Amino acid sequence: MKTVNSISSSKKFDKGHVFYRFEDKQFYINNLMSFIKNGLESKQRILIIENMRTLPQIRASIDKEFNHQQKESIRLVNNFDYYLANGDFHTETILTHFQEDLSMLKMKNTWIRTWAHVEWASEVPDVLLLEEFESTADNFVKEEGMISVCAYAAESLSPTLDTTLQQLHQYIMTDETFFISSFYNE
């Protein structure tokens, strides 16, 4: 598995909100698997919110890489339940699902890290809705002191949305890089 200079390979990185703009699906899977591995090594529980097209590949990789006890620390959720179940990108529904999943993981009294593949149904996403959601998520991540990656397919992002997401995340990640956002507005 190819490892890149990313959130997953940074030992100093233990909390923060990350905007991951990905282009290559294999890099994406490799980065996600490294993220899971580092979380397990740090005795963290992991919530992965992913689309149903990619979930089987992730499940297969997890089954191959990790033992039964490690797999019990990983929760996989279909992102449809988050982003599309109550219409296209309904912030309250997303946050309700997120808090429910986190409360299940928190019952184990361990640190949590999350990874979400963010998608929407409409041809052009509502930038204001995404801004509201990501702003709320950023505050939540800071309050909880956790690591949270928000992954977006690069081809789905307009220049405006890309800039907005850079303003709402402390860190920016691509398939091959990881750095502090110079646009971040606390």
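The values are calculated or read from the model by the stated rules, or taken from the named source; none is laboratory data. Everything numeric here is computed off the predicted structure, so don't read it as measured data. With ideal geometry, Cβ positions are generated from the backbone for all residues, glycine too; neighbour counts draw on all protein chains shown.
Go through the range 54-71 and give me each residue that's part of a helix (DSSP H, G or I) and either under 21 Å from residue 177 (Cα atoms) or out of contact with any strand residue (DSSP E or B) (no Cβ under 8 Å at 6 or more places or on another chain) (or both). Spell out how you get there, then give the answer.
Within the range 54-71, the first condition is being part of a helix (DSSP H, G or I), and the residues that meet it are 55-65, 68-71.
Within the range 54-71, 56, 57, 60, 61, 63, 64, 65, 68, 69, 70, 71 meet the criteria.
Pairs under 7 Å by beta carbon, first residue within 14 Å of residue 169 (Cα to Cα) in the range 1-26, partner modelled with pLDDT under 90 and surrounded by fewer than 12 Cβ atoms within 10 Å (Cβ to Cβ), six or more apart or different chains?
Qualifying pairs under 7 Å: 15/145.
Is the range 63-71 home to any residue that is modelled with pLDDT under 90 and surrounded by fewer than 18 Cβ atoms within 10 Å (Cβ to Cβ)? Before the answer, list the steps.
Of the range 63-71, the ones modelled with pLDDT under 90 are none.
No, the range 63-71 contains no residue that is modelled with pLDDT under 90 and surrounded by fewer than 18 Cβ atoms within 10 Å (Cβ to Cβ).
Conditions (1) touching a Lys or Arg at 6+ places or on another chain (Cβ under 6 Å); (2) more than 18 Å from residue 16 (Cβ to Cβ); (3) free of Cβ contacts under 8 Å to residues at least 24 places away in the same chain; (4) aromatic (Phe, Trp, Tyr), marked per residue:
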site: 33; (1), (2), (3), (4): no, yes, no, no
site: 40; (1), (2), (3), (4): no, yes, no, no
site: 44; (1), (2), (3), (4): yes, no, no, no
site: 60; (1), (2), (3), (4): no, yes, yes, no
site: 72; (1), (2), (3), (4): no, yes, yes, no
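Please go through the range 144-174 and pick out each residue that is out of contact with any helix residue (DSSP H, G or I) (no Cβ under 9 Å at 6 or more places or on another chain) and under 19 Å from residue 46 (Cβ atoms).
145
Being surrounded by 16 or more Cβ atoms within 10 Å (Cβ to Cβ), small (Gly, Ala, Ser) and either modelled with pLDDT of 85 or more or closer than 20 Å to residue 51 by Cβ (or both): is that true of residue 122 here?
Values: surrounded by 16 or more Cβ atoms within 10 Å (Cβ to Cβ): no; small (Gly, Ala, Ser): yes; either modelled with pLDDT of 85 or more or closer than 20 Å to residue 51 by Cβ (or both): yes.
Spelling it out, it is not the case that residue 122 is surrounded by 16 or more Cβ atoms within 10 Å (Cβ to Cβ), small (Gly, Ala, Ser) and either modelled with pLDDT of 85 or more or closer than 20 Å to residue 51 by Cβ (or both).
In the range 21-53, what residues are within 20 Å of residue 165 (Cβ to Cβ) and assigned to a loop (DSSP other than H, G, I, E, B)?
23, 24, 51
When both residues are 6+ apart or on different chains and their Cβ atoms are under 9 Å apart, which pairs have a first residue that lies in the range 153-173 and is over 13 Å from residue 134 (Cβ atoms) and acidic (Asp, Glu), and a second that is at pLDDT 95 or above and assigned to a loop (DSSP other than H, G, I, E, B)?
Once the first residue is over 13 Å from residue 134 (Cβ atoms) and acidic (Asp, Glu) and sits in the range 153-173, its partners that are at pLDDT 95 or above and assigned to a loop (DSSP other than H, G, I, E, B) give 155/23.
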